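One structure is given below, encoded as structure tokens.
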Amino acid sequence: MSSIAEKIASSISMTDLKKSSALKQRIFFTIMVLIIYRVGSFIPLPGVDASALKELFSGEGSGLLDIFNSFTGGALSRMTIFALNIIPYISASIIMQMMTFVTPSLSQLRKEGPSGQQKINQYTRYLTILICLIQGYGMAMGLMATEGAVINPGGFFIFSTMVSLLAGTMLVMWMGEQITIKGIGQGSSLIIFAGIITTFPTRFMQLTQLANVGQIQPITLMAIIAGILALFYVTVFVEMAQRRISIHYPKRANMMGNQNMTHMPLKLNLAGVLPPIFAQSLVGIPALIATFLSKAGVQSNSLQLVNSFLQIGSLTYIIVVGLLIVFFSFMFASLHFNPEETAENLKDSGAFIPGIRPGESTAKYFDYITTRLTVFGAGFLAVICLLPDYVTGNFGVMLISGTGLLIIVNVIMETISQIQSHLISSQYEAIMKSAGKQKRRFR
């Protein structure tokens, strides 16, 4: 079976893509949903003067605002109904994922299969609504504190802003779910991916204009672009790299009586892209509030202290975010891979690692391997995410954030993998149908 799949995978081409009508429909559906999402990101919030917010997203201290604005495809700077994007849903999903491992009732639901997962998804939506309402209220209060941003400030504006942002986020969440079900790729990730890449042309034009007026030397611009390309290459290499652990299955002996051996692949970056997202979100909340209020004219020693300590690219910002990335890397790695549970499953199936006793020794071996991988992965994530932030803070230019780079690489790799899986599945079905027809001819 695996040899057939490998042969099919090696023979995949654009011709195969054109022949697969089901895959073409999925791709077309995904593109149409992303176009609708892009159009919605230009529908402004009622009662907001977006032109008055331009100063908020320009000048010193707007680095974190730029990062969050890039995730929304510019919807945050335009203050549209999609200003919160799908970030509240992702935050709720992460919180629920962690709660399923620490709350017995939710852990039991997770073990009940599809029915339990459906209830967890429902709780996630409820939590998304709560997060949206809280963030919508905070955004409405921040807008009213910004001079000239709100046409008619008051209770009705707060209510309409909360409802509009909630409706926008729920619509984006629904579009992401539809892409996952009927389209190609992971819907939530693709929506963030679409938001990030749409900011590329504007940011590149800004860099070239700075180079034309002499604020940035051409050699510096070339170095920034070359550095980003190098980071892309390193990220792809690390995300594709695996640590393969040999597993023997004595009960699956072949015709010669030899033991069947397979491999358990473990990614070098076990935690994925979630640690930097969570770390920057945790640091970004107080920093964004402080930036928002200070640009709105509010003067306070506490605000100045937060701005100075959490200024993007500063030493304290790098230390705090770096430590949070390391912490969340170990946390998410432990959530994604449980050494004791994996060792017990291998023992129950009669499998073992050569040279390692089943049971507790295997669990310790897995813990040793995953700890080393997590140390490497945490260091990799910290460097990839903080290096662009350092350049942004010290040179005042940003083409892409480190977290955005990780999201782009992971989404592209995941989408290509799903396209290949659909092509392999369709070609395998065609081969089996052809074999069935030939058998009926010989009967």
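How big is the equivalent ellipsoid of the stretch 186-252 along its three axes, where each semi-axis is √(5λ) from the Cα gyration tensor, reported in whole Å from largest to smallest?
Ellipsoid semi-axes (Å, largest first): 42, 18, 4.
My understanding is that a pair violates if its Cα-Cα distance is over 32 Å; which of K119/K267; K24/K347; K111/K182 do that in this structure?
K24/K347
So how exposed is M99, as accessible area in Å² (1.4 Å probe, rounded to 10)?
Here the accessible area works out near 80 Å².
Using a simple spin-label model with points 7 Å from Cα along the Cα→Cβ vector, what separation in nm is obtained for W174 and Q206?
Placing both labels 7 Å along Cα→Cβ, they lie 3.3 nm apart.
Rolling a 1.4 angstrom probe over the protein chains, ignoring ligands and nucleic acids, what is the accessible area of M162 in square angstrom, nearest 10?
Only protein atoms counted, so the area is about 40 Å².
For V238, V39, give me the order by solvent-accessible area with a 1.4 Å probe, most accessible first, ignoring ligands, DNA and RNA.
So the residues, ranked largest to smallest area, are V39, V238.
The values are calculated or read from the model by the stated rules, or taken from the named source; none is laboratory data. Since we're looking at a predicted model, the values are computed, not measured. Positions of Cβ are generated from backbone atoms using ideal geometry, with glycine treated the same way; all protein chains shown enter the neighbour counts. Protein only, heavy atoms only, side chains kept; ligands, DNA and RNA dropped before computing areas. Shrake-Rupley method; radii C 1.70, N 1.55, O 1.52, S 1.80 Å.
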